[in-house]
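Participant: I have a structure here, written as structure tokens, and I will follow up with some questions on it.
The values are calculated or read from the model by the stated rules, or taken from the named source; none is laboratory data. Here the structure is a predicted model, which means the values were calculated and not measured. Don't worry about glycine lacking a Cβ; one is built from the backbone with ideal geometry, like all the others, and counts go over all protein chains shown. We work out accessible area using only protein heavy atoms, side chains counted, and drop any ligands, DNA or RNA first. Shrake-Rupley method; radii C 1.70, N 1.55, O 1.52, S 1.80 Å.
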Amino acid sequence: MQRRILWLAFFILLFSGALLVPKQWYPLSWQIKAYQWFGPGNYEAPPASAKAPELSSDTYCPDDPQGWRKQQVIEGVEIAASPNCVADNPYTVAASVKGTNNVSHATLMQSGLAPDAVVMGRDLDGDGDPDEVHIRLEVTELNGGSPDRQDPTTQFEIAPGIRPGLWVFSPKSVGMSTENFESMRANLLLRAPSPAIRVEQGDKVLITLENTHYMPHTIHLHGVDHPFSQDHGMPHDENMSDHAQHDGLADDSAVLGSKEGEENGEAASLYVERMGPAAPGNDGVEETSEIPHMPGRSHTYEFQPRVPGTYFYHCHVQPNVHILMGLQGMFVVEENRRNNWVQTLNIGAGQVRHPSVAVREKFDREYDLHYEDIYAGLNNIIQSQIDPRLIIRDAHRRFDITQARPNYFLLNGRSFPYTFRESLVVVAPNERVKLRMLNGGSEGISVHTHGHKFTITDLDGIPVPPAAQITRDTVFISSAQRADVTLNTTNDGLHSYGPGIWLMHDHREAAVTNAGIGPGGSINAIVYENFLDGAGFPKVQGVDWKKFFTPEYYQRQIPVWMDYDPLYRLADATGSPREMIRFLLLGLVGGAWIAVIIALLWRPGRRLVRG
């Protein structure tokens, strides 16, 4: 009797489950047969659409209470107006042009630079500008982890709510690494990309790397004319070395093996014992040129570039990690001219507010465009660990770049929409604009302009012969390659189609997203001045941008078309109570059916009688 009841329950539950299973789960042939037998089912309305959430977004353009955007003269340096809504600190521009040793204390304090960050020396050729320059760079970690906080420290957002871990070369500075005691945002000198550096052709240049990081680093001058080592290979005189020593430089090559180095403690003694006196390496390559420079140590690179052009500098210690972490920057050698005081540092790249004499002879404006990509699996290691040994292990041995793809795509350290704050190429009709483009990422980029075609004039710092120069709307730039292009805004149907807000972007589809959510990535635009509002933001005529300035949009919480879909036809679907009840019952019936099967299959064993 009991087994008959179980069999009855088995078939009842089987039939109930068949009725509860959604019809689309059945094979198509079964669905067709059911339609032929029973006809169409009753119409079932789709679930209601979810209404768009109320958004609280950042302002498109931050205020400019200090008046940094306006044209001004500081310490005799003419600083062009910044049409972009976020402008460089003009006092930093002035100190970068005159030298931190040649400006007033008030200007130096407002610049944030250390007194020896950019030291200008003698005018060796008598043409009215200094021909000796000593630049000091430090290494800064942005968006790193902390034992005291859940969110990153020394924060630098590349887009709303997106803070990947970064290492950057930064100019030697004074004061706090954050804006103030209450903020965790990095001060304006500490940011991606590493600053674009400018010197003049023939200058005697010293770059001192003061390693303020917890890993060893070097600087490789990619494409820049420099000797392999400091004791041969290129014309120079002893005054360069003398200049380094007179600046009070604690350099590895001078300290290692010396009495001063031995007095620095047991660690320094062990370093000297194992490594010996540091060789005067000048190429930054750990395998062939020099021992990487350990935390707390410094090294000075000496060179006298003879060929003008757009170049690259980056760390060459474990480059598969360190370059991708952000230790890279643009390096420009300007043509020699009289009274040519160049802007030695362009913080964050972008508009050059004090172009060189040679650039002003041929162009109306100049912009540095530095492209990078970020691998979240690598860059975020510094947020998940605080022990340097674990970071070193995970970044250099556990992360495998051959098995990874980039997630974020940067232009001048930001991704869309923040690129529209800082990296617009602002123009006026009938201008010639110089764009210097550097691809610091690990993959090639395909930079495309809307409304314009530019002319490629230089590749990797070498001029393209006029007969070979190509005018086109897309240029492919390989990893580590540089391309100088001329943007002509003459409305002739070839060079320009007329004024407007014309997008400029990498045409790889992944590169116009932030981790797969678009629009994002390295999108910027060529914007004519009369298409900017008073704050410096484009007068866009398309969709509402409010959602783009919210972290929730890039966290996949907001439908992409919510702002012009008043009936919510393209919004997210809400859950249907009927469907939820159906699946709940299906689960209960399925569980009971399995229990009946187990009961039917179970056989109690016979008891053994011993006697």
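Participant: Filter the range 505-519 for residues that are within 15 Å of residue 552 (Cα to Cα) and assigned to a strand (DSSP E or B); which is farthest from the chain's Cα centre (by Cα)?
Facilitator: Initially, the range 505-519 is screened for residues within 15 Å of residue 552 (Cα to Cα), giving 513-519.
Imposing the further condition that a residue be assigned to a strand (DSSP E or B) reduces the set to 514, 517.
Values: 514: 11, 517: 16 Å.
So, considering only residues that are within 15 Å of residue 552 (Cα to Cα) and assigned to a strand (DSSP E or B), the one farthest from the chain's Cα centre (by Cα) is 517.
Participant: Are there any pairs, at least 6 apart or on different chains, whose C-beta atoms fall under 6 Å, with the first in the range 61-76 and surrounded by 11 or more Cβ atoms within 10 Å (Cβ to Cβ) and the second among the charged types (D, E, K, R), and if so, which?
Facilitator: 75/98
Participant: Here is a further query. Going residue by residue through the range 148-164, is there one that turns out to be modelled with pLDDT of 95 or more, among the β-branched types (Val, Ile, Thr) and open to solvent by 30 Å² or more (accessible area, probe 1.4 Å)? Give the steps one after another, and end with the answer.
Facilitator: Filtering the range 148-164 down to residues modelled with pLDDT of 95 or more leaves 154-164.
When the remaining residues are screened for being among the β-branched types (Val, Ile, Thr), the result is 154, 158, 162.
Those left that are additionally open to solvent by 30 Å² or more (accessible area, probe 1.4 Å): none.
So far as the range 148-164 goes, no, none of its residues is modelled with pLDDT of 95 or more, among the β-branched types (Val, Ile, Thr) and open to solvent by 30 Å² or more (accessible area, probe 1.4 Å).
Participant: If I ask for residues that are of a type in the set (D, E, K, R) and surrounded by fewer than 22 Cβ atoms within 10 Å (Cβ to Cβ), which ones from the range 77-95 would you list?
Facilitator: Start the filter on the range 77-95 by keeping residues that are of a type in the set (D, E, K, R), which leaves 78, 88.
Within the range 77-95, 78 is the sole residue that qualifies.
Participant: Are any residues in the range 464-519 among the acidic types (Asp, Glu), out of contact with any strand residue (DSSP E or B) (no Cβ under 6 Å at 6 or more places or on another chain) and more than 22 Å from residue 405 (Cβ to Cβ), and if so, which ones?
Facilitator: Here is the first cut: in the range 464-519, the residues among the acidic types (Asp, Glu) are 473, 484, 492, 506, 509.
With out of contact with any strand residue (DSSP E or B) (no Cβ under 6 Å at 6 or more places or on another chain) added as a condition, the list becomes 492, 509.
Within the range 464-519, just 492 meets the criteria.
Participant: From the residues in the range 295-317 that are more than 17 Å from residue 204 (Cα to Cα) and surrounded by fewer than 20 Cβ atoms within 10 Å (Cβ to Cβ), which one is nearest to the chain's Cα centre (by Cα)?
Facilitator: The residue in question is 295.
Participant: Restricting to the range 36-60, name every residue that is open to solvent by 100 Å² or more (accessible area, probe 1.4 Å) and either touching a Gly at 6+ places or on another chain (Cβ under 7 Å) or in a loop (DSSP other than H, G, I, E, B) (or both). Working first, answer last.
Facilitator: Initial filter on the range 36-60 (open to solvent by 100 Å² or more (accessible area, probe 1.4 Å)): 36-38, 42-43, 51, 54, 56.
42, 43, 51, 54, 56 - these are the residues of the range 36-60 that are open to solvent by 100 Å² or more (accessible area, probe 1.4 Å) and either touching a Gly at 6+ places or on another chain (Cβ under 7 Å) or in a loop (DSSP other than H, G, I, E, B) (or both).
Participant: Which ones in the range 520-545 are touching a residue at least 60 places away in the same chain (Cβ under 8 Å), closer than 12 Å to residue 417 by Cβ and aliphatic (A, V, I, L, M)?
Facilitator: 523, 525
Participant: Does residue 446 satisfy being under 30 Å from residue 316 (Cβ atoms), in a strand (DSSP E or B), open to solvent by 10 Å² or more (accessible area, probe 1.4 Å) and modelled with pLDDT of 95 or more? Outline the logic, then answer.
Facilitator: On the way: under 30 Å from residue 316 (Cβ atoms): yes; in a strand (DSSP E or B): yes; open to solvent by 10 Å² or more (accessible area, probe 1.4 Å): yes; modelled with pLDDT of 95 or more: yes.
Yes; evaluated as a whole, the condition is true for this residue.
Participant: Being hydrophobic (A, V, I, L, M, F, W, C), assigned to a strand (DSSP E or B) and open to solvent by less than 50 Å² (accessible area, probe 1.4 Å) is the filter here, so list the residues in the range 471-499 that pass it.
Facilitator: Step one: list which residues in the range 471-499 are hydrophobic (A, V, I, L, M, F, W, C), which gives 475-477, 480, 483, 485, 487, 494.
Add one more test, that the residue is assigned to a strand (DSSP E or B), and what stays is 475-477, 483, 485, 487.
Within the range 471-499, 475, 477, 483, 485, 487 meet the criteria.
Participant: Same structure, new question: Name the residue that is surrounded by the fewest Cβ atoms within 10 Å (Cβ to Cβ), counting only residues in the range 174-225 that are of a type in the set (Val, Ile, Thr) and part of a loop (DSSP other than H, G, I, E, B).
Facilitator: Looking at the filtered set, the residue picked out is 174.
Participant: Look at residue 517 and say whether it is surrounded by 14 or more Cβ atoms within 10 Å (Cβ to Cβ), free of Cβ contacts under 8 Å to residues at least 40 places away in the same chain and within 27 Å of residue 550 (Cβ to Cβ).
Facilitator: Numbers: surrounded by 14 or more Cβ atoms within 10 Å (Cβ to Cβ): yes; free of Cβ contacts under 8 Å to residues at least 40 places away in the same chain: yes; within 27 Å of residue 550 (Cβ to Cβ): yes.
Yes.
Participant: Restricting attention to the range 462-469, does a residue exist that is in contact (Cβ under 8 Å) with a residue 12 or more places away in the chain, within 24 Å of residue 359 (Cα to Cα), among the β-branched types (Val, Ile, Thr) and open to solvent by less than 10 Å² (accessible area, probe 1.4 Å)?
Facilitator: no
Participant: Can I ask one more? Just one of (1) over 30 Å from residue 19 (Cβ atoms); (2) modelled with pLDDT under 95; (3) over 24 Å from the mean Cα position of the chain (by Cα) trips up residue 41, so point out which.
Facilitator: (1)
Participant: A follow-up question, please. Going by what's in this entry, would residue 33 be described as touching a Gly at 6+ places or on another chain (Cβ under 8 Å) and modelled with pLDDT under 80?
Facilitator: Values: touching a Gly at 6+ places or on another chain (Cβ under 8 Å): no; modelled with pLDDT under 80: yes.
The answer is no for residue 33.
Participant: Just checking: which of the helices (runs of 4 or more DSSP H) contained wholly in the range 321-434 hold 3 or more residues that are open to solvent by 10 Å² or more (accessible area, probe 1.4 Å) and either within 21 Å of residue 201 (Cα to Cα) or in contact (Cβ under 8 Å) with a residue 60 or more places away in the chain (or both)?
Facilitator: Details: elements: 357-362, 376-379, 381-384, 388-393, 419-422.
Result: 357-362, 381-384.
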